[in-house]
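Undergrad: Let me begin by handing over the structure; questions about it come next.
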Amino acid sequence: MLYDAGKYDVAVIGAGHAGCEAALAAARMGCRTILFTLSLDNVALMPCNPSVGGPAKAQLVREIDALGGEMALNIDKANIQVRTINTGKGPAVQALRAQADKREYQHEMLQTLLKQKNLDLLMAEVEEIEAPDRKVQAVITKTGARYECGALVVTTGTYLKGRIIIGEVMYDGGPGNQFPATKLSAALEKAGLRLGRFKTGTPPRIDQKSVDFSKMIEQPGDEKTLRFSHISPENGRPQLSCWLTHSTRETHQIVMDNLDRAPMFTGVIKGRGPRYCPSFEDKVVRYAHKDSHQLFIEPEGRETDEMYVQGLNTSLPEDVQIRVLRSIPGLENVHITRTGYAIEYDYVFPSQLKLSLEARAVEGLFTAGQINGTSGYEEAAAQGLIAGINAVLKVQGKEPFILKRSQSYIGVLIDDLVNKEADEPYRLLTSRAEYRLLLRQDNADLRLTELGRDVGLVDDYRYNRFQEKKKTLEEAREKLKKTTFTPADQTMSGLLEQKKSAALKDRLSLWEILRRPEMKIRDFVVAGWLEDPGPEILEQLEIQAKYEGYIKKQEDQVARFNKLEDKKIREDLDYDQVYGLSNEARQKLKEVRPVSVGQASRISGVNPADINVLLINLEKMRRN
Amino acid sequence: MMYDDIAAVSTPPGEGGIAIVRLSGTGVIQAVAECFLPFNPQLPLPARASFSLNLGWIVDREKEKIDEVLVSVMRAPKSYTGEDVVEVNCHGGTLAARKCLEEFLQRGIRLAEPGEFTKRAFLSGRLDLSQAEAVVDIIRAKNEKAMKMAVSNLEGKNSAVIKNIEDRLIRLNAMVEASVDFPEDVGELDYREAGDILLELEEVLNKLIRAGERGEIYREGVNVAICGKPNVGKSSLLNALIRKDKAIVTDIPGTTRDVIEDYINIRGIPVKIMDTAGIRGTEDLVEQIGVEKSIQVIENADLAIFMLDMGTGISQEDMDLYIHLKNKKAIILLNKEDLAHKHIKPEDVEKIFKGFKIITASVIEDRGMDELEDAIENMVLEGKLDSDDLDIMFNMRQKKALLKARSTVQELRESLESVPLDCLGVDVWEALEAVGEISGKTLKEEVIDRIFRDFCIGK
Ligand SMILES: Nc1nc2c(ncn2[C@@H]2O[C@H](COP(=O)(O)OP(=O)(O)OP(=O)(O)O)[C@@H](O)[C@H]2O)c(=O)[nH]1
Ligand SMILES: [Mg+2]
């Protein structure tokens, strides 16, 4: 029996990293929102590695933060170790990475959700989507409750027809042996979406008491207290260490001896796995010349003895997993608490989406996160935030919120998803961001806070802090540019000599002197030429000065890039009426329906001549 | 919408005596003016009215003359593209036009895409609606033709060399990006390998560029001017080289008054050979003009044959002419070796004209002619000969891309250790883009595949 259970502006299915952001964004923007989850005990679950951040991902987390999202704040409350990766490789690729306390992370997120005004949580399995006339109207749960909604965000991760594989053993299940969502796939297909199947995997977890750390190398966190969010309080949490060990020849032999039982090689697993996250058996076979692979043993939290074996994700049979682990230095007597597994799941081909993450086939239906064929908590959260914002804008009848590739990693992520065909789960890399020197973790707030404010997600507290920072930054920069020195200046000559820097020939400003690689802004503060504006601003100024040339170059590239981005294409353009397109281009353009000529130029199969042809035709239509 | 400045040779290669370089965009009048030396210095280009014609020279940064040209200026919106347009009519034909174009391209102007002028004409409303489909057809056709040309260049041996360059560059980029995106799996960049790759890249690029220039010489030919004081035997030499009695030969100094040209083939290289009026101070008006013209021809030539008369010895006139040859490729030909009374000793010549190739010859007795042809071939191909036998012809776009790739690789080599990896990667992308343009590929897309192929990634 169906019953009428209520009416919401926005409904979100799935309370993973995407769903939490989507629901919070919608509620914070003033929409009545409901968040469905298969289990309220598993909100914001980290079913795989216990960490947040790293190259490209840290930038994403900072961007989520600047726009008023939650992930950065949450990991700042729930980390056990934070480090900066890639120090010395340049500011654009420097990245924070935190080890998370998984339970605490979930707990903190749940608290935030519960406290959020306008947001209702509900443990229920959604089985049907009502979308008459290709427009979302309501969802129906297993227990017969019908919820009307103006927009729907589906963020079901790897739960759609999830199937777990461990050696010869196979069964239906979501990550971490949760219930899978069995009916929703059919509902999405009925609504008009095409689904594909991907595979991913996770390593076994082990009991800390059974590990001999004396045979491993300790990896402590950074001394400094590092934070993802610009507004997190300094909390100075004690840091837990990770541990480094490695596989041995014996380990690899065990794997080779058991390949006939490995689903990756017996053909049981058909979906292609991600190359950046290969199973251990895959690594052993592909890099046969390597005698050893690094393995990191990472705590899963403060209040647990469970540890994660980074680098050993596998779907080998359980007995083989035990033998593999015990051949590793320090793990001779290890006890497995959870077996590693591979999981296959349905995903939505993301080329069916608009850049707003709304499905072209169904008005008001948004998808975000792993369901869109991505991997990673950060990628999921970023999409969730954008989908949540756009669900609200849809309900309010406003234009969608779309970030450009030149503005953010979020823009790169979504643009790639929609335009590029992928045959493996998508992971963000800094190499995918052509303007990466502009898209740094250190300036995410400068890039995006105003946009988050406009859309209504950045609250007064965050906004005022941002305004203050900007003001201090600008004043300090002015100071650096206006303070000049002649060759005759004794203090400056002394400092330059001490730094083995060439003596001045002409009058130069502090800004110009700062460009010299050997000069540090701290020295100017120490010399009393600049009032200390705090480490964050000092870092920002130093980057802006030292990389000015490169930054300028990329800004020029962006200006060129934007010319085609700004050439808009009507959504209902009849590509059959466009004279002179190649067949392949016509097909792809019809499918993706780009919003701009710039987007069109990035669709696989559309070449530069097609773009020129398109420009001519657009002009013809304009004049007609 | 504002477009950037573009340029291209707009006459088909090899046809007609005059070739046209067309430029379009807001900055082109200024850019051409920077390398235009008007005959009438009172009339700089930017001051000229629309549809004016301007005679002068295109000169390079060192103010060396590249070609005598007729420049027309057409201001927006009344021009073919609706933007400011400049057309440069090059009297020296296709080769000169290409050289002028290269000069413009060094001043921030971009080489036009196939069909781009027509495209702009349409987008700016200069062509009417009914022509839209014709414009599309032109763009399609020109693109296909350009693709075909580019591809036919890149077959066989050449394709292997280009592939090799692409491969190394992708490897380098993958090394940088892997170190940045997967620091824990890959560790630090292997700077030694990176340095080696860059060094090899530079070598291969150099080889390719040289081979391309060589191809250009065999395709486009060179200009060789015969010069010297009156009566030294210039016209006799021309006749000997072309094996016809084309130029009048007498023992009266000042016989030749105008430039006489003909075409011959020396060791497979098309050579335009030019006999000039003997250079001397003269009161005769006709001869004076001839002398001026000779100097012009000598300056424009790729190679000069400077003749000295063994019978008369080295005179002031010879030294006056020598001034015009100081920075040129030149061969010194000591003529009339057959004479009984010689007033030049080869040792003296070597001392006075240090560093020049010197040949002793007798045009009348046909001695030293083989040696002269050898010398012409060697001088023209100087530095472009290699042990390999790459035979390649690049179009302008490919050549430009190669030069860009080489300069980026050189910069990368210099900055390898001092520039942080994030920036280094961006510079490598630039080189990748340039090399990709040679064969029309987007190489950057192959980098990520390469990371996973070459490195053991995966935590
Ligand atoms: N003995 C001798 N006489 C030569 C030789 N080459 C040319 N002559 C003679 O030198 C005279 C001048 O030759 P041209 O070829 O007309 O000299 P030119 O340099 O063209 O002279 P202008 O045109 O007046 O500048 C003629 O009488 C030639 O026969 C040579 O190798 N040996
Ligand atoms: Mg003569």
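The values are calculated or read from the model by the stated rules, or taken from the named source; none is laboratory data. Since we're looking at a predicted model, the values are computed, not measured. We place every Cβ from the backbone using ideal geometry, glycine too, and count neighbours over all the protein chains shown. What goes into the accessible areas is simple: the full protein's heavy atoms, side chains included, and nothing from ligands, DNA or RNA. Shrake-Rupley method; radii C 1.70, N 1.55, O 1.52, S 1.80 Å.
Undergrad: Output the 0 to 90 degree angle, nearest 10, between the alpha-carbon long axis of helix B:157-181 and the longest principal axis computed from the alpha carbons of chain B.
TA: Orientation of helix B:157-181: about 40 degrees from the principal axis.
Undergrad: Next question, about the same structure. Applying a 10 Å radius around every beta-carbon, put B:165-177, A:115-127 in order of their mean neighbour count, most first.
TA: Those peptides, ordered most packed to least, come out B:165-177, A:115-127.
Undergrad: Which one of A:Val395, A:Thr251, B:Ala19 has its Cα pushed farthest toward the positive end of the charge dipole of the protein assembly as shown, where Lys and Arg give +1 and Asp and Glu give -1 at the Cβ?
TA: Looking along the dipole axis, the top candidate is A:Val395.
Undergrad: Moving on to the next point. Report the charge-dipole magnitude of chain B in Debye, nearest 20, computed about the Cα centre from +1 at each Lys and Arg Cβ and -1 at each Asp and Glu Cβ.
TA: Here the size comes out at about 1160 debye.
Undergrad: Using a 10 Å cut-off around each Cβ of peptide B:412-420, what is the average number of partner chain Cβ atoms that fall inside?
TA: 2
Undergrad: Got a sec? Charge dipole of chain A, +1 on Cβ for Lys and Arg, -1 for Asp and Glu; which of A:Leu508, A:Ala527, A:Leu353 is way out at the positive end?
TA: The residue sitting most towards the positive pole is A:Leu508.
Undergrad: Anything losing 50 Å² or more of accessible area from the isolated chain to the full protein assembly: pick those residues out of the range A:425-439, probe 1.4 Å, ligands and DNA/RNA ignored.
TA: Buried-area filter returns A:Leu429, A:Ser431, A:Arg436.
Undergrad: Moving to a separate point now. Round to a whole angstrom and tell me the spacing of the C-alpha centers of the range A:486-541 and the range B:246-278.
TA: 67 Å
Undergrad: Could you compute the FRET efficiency for A:Lys117 and A:Glu450, with r as their C-beta to C-beta distance and R0 at 35 Å, rounded to 0.05?
TA: The computed FRET efficiency comes out at 0.90.
Undergrad: About its Cα centre, how strong a charge dipole does the protein assembly as shown have in debye, to the nearest 20, once Lys and Arg get +1 and Asp and Glu get -1 at the Cβ?
TA: 2080 debye
Undergrad: Cα gyration tensor of the range B:294-342, axes a ≥ b ≥ c as square roots of the eigenvalues: rounded (a/c below 1.5), prolate (a/b > b/c) or oblate?
TA: Prolate.
Undergrad: Ignoring ligands, DNA and RNA, please state the percent of accessible area on the protein assembly as shown from carbon and sulfur, probe 1.4 Å.
TA: About 50 percent, which is the carbon plus sulfur part of the accessible surface.
Undergrad: Then there is this: Normalising by the residue count of chain B, find the relative contact order in percent from Cα pairs under 8 Å and 6+ residues apart.
TA: Relative contact order of chain B: 14 percent.
Undergrad: To the nearest 100 Å², how much accessible surface do chains B and A hide from each other in total, with a 1.4 Å probe?
TA: 4600 Å²
Undergrad: For the protein assembly as shown, take the alpha-carbon Rg, divide it by the Kirkwood Rh, and send me Rg/Rh.
TA: 1.06
Undergrad: With the solvent-accessible surface defined on protein heavy atoms using a 1.4 Å probe, which residues belonging to the range B:172-190 display a reduction of at least 30 Å² in accessible area in the multichain context relative to the isolated chain?
TA: Residues losing area: B:Val180, B:Asp181, B:Phe182, B:Pro183, B:Glu184.
Undergrad: Using the alpha-carbon atoms, what tilt in degrees (0 to 90, nearest 10) does helix B:444-454 show relative to the longest principal axis of chain B?
TA: Value to nearest ten degrees: 70.
Undergrad: Here's a follow-up. For peptide A:612-622, compute the average count of partner chain beta-carbon atoms within 10 Å of each residue's beta-carbon.
TA: For this peptide, the per-residue mean of nearby foreign Cβ atoms is 6.
Undergrad: May I ask for the net charge around B:Met393, where only other residues with Cβ less than 11 Å from the Cβ of B:Met393 are counted and Lys, Arg are +1 while Asp, Glu are -1?
TA: It works out to a net charge of -1.
Undergrad: With charges only on Cβ, +1 for K and R and -1 for D and E, what is the dipole size of the range A:460-555 about its Cα centre, in debye, rounded to 20?
TA: My answer is approximately 260 debye.
Undergrad: Would you mind pulling out the separation of the Cα centroids of the range B:69-95 and the range A:123-179, in Å?
TA: Taking the Cα centre of each part, the range B:69-95 and the range A:123-179 sit 66 Å apart.
Undergrad: Then there is this: Would you mind checking A:Lys7/A:Lys183; A:Lys117/A:Lys190; A:Lys183/A:Lys588; A:Lys505/B:Lys63; A:Lys161/A:Lys590 for any pair whose Cα atoms are more than 28 angstrom apart?
TA: Correct reply: A:Lys117/A:Lys190; A:Lys183/A:Lys588; A:Lys505/B:Lys63; A:Lys161/A:Lys590.
Undergrad: D for chain A, whole µm²/s, Stokes-Einstein with Kirkwood Rh over alpha-carbon pairs at 10 °C and 1.306 mPa s: what number?
TA: The calculation lands on 60 µm²/s.
Undergrad: Check each of the trypsin sites (Lys or Arg not before Pro) in the range B:342-427 and keep only those in coil by DSSP with at most 11 other C-beta atoms within 10 angstrom; list them in order.
TA: Taking the range B:342-427 and a limit of 11 other Cβ atoms within 10 Å, the loop trypsin sites (Lys or Arg not before Pro) found are B:Lys354.
Undergrad: Gain in length, A:Leu2 to A:Lys500, computed as 0.36 nm per residue apart minus the alpha-carbon separation, to one decimal in nm?
TA: Using 0.36 nm per residue and subtracting the Cα-Cα distance, I get 171.3 nm.
Undergrad: Could you work out how far helix B:191-220 tilts from the main Cα principal axis of chain B, as a 0 to 90 degree angle to the nearest 10?
TA: 40 degrees
Undergrad: Residue by residue through A:388-399, how many Cβ atoms from other chains fall within 10 Å of the Cβ on average?
TA: Averaged over the peptide's residues, the number is 0.
Undergrad: Between beta-carbons, use under 13 Å as the cut-off and find the net charge around B:Val232, counting Lys and Arg +1, Asp and Glu -1.
TA: Result for the neighbourhood of B:Val232: -2.
Undergrad: Counting heavy atoms of the protein chains only and a 1.4 Å probe, report the per residue accessible area for the range A:46-145 as a whole number of Å².
TA: Dividing the accessible area of the range A:46-145 by its residue count gives 31 Å².
Undergrad: Under a 1.4 angstrom probe, counting protein chains only, how are A:Arg622, A:Arg427 ranked by accessible area, largest first?
TA: From most accessible down to least: A:Arg622, A:Arg427.
Undergrad: Now a separate question. How high is the relative contact order of chain A, given as a whole-number percent (alpha carbon pairs under 8 Å, six or more residues apart)?
TA: 17 percent
Undergrad: Shifting gears a bit: Would you give the gap between the C-alpha center of the range A:246-267 and the C-alpha center of the range A:285-356, rounded to a whole Å?
TA: The range A:246-267 and the range A:285-356 have Cα centres spaced 14 Å from each other.
Undergrad: At a cut-off of 50 Å², which residues of the range A:561-582 become less accessible once all protein chains are present than in their chain alone, using a 1.4 Å probe?
TA: In the range A:561-582, residues shielded by partner chains: A:Lys563, A:Tyr579.
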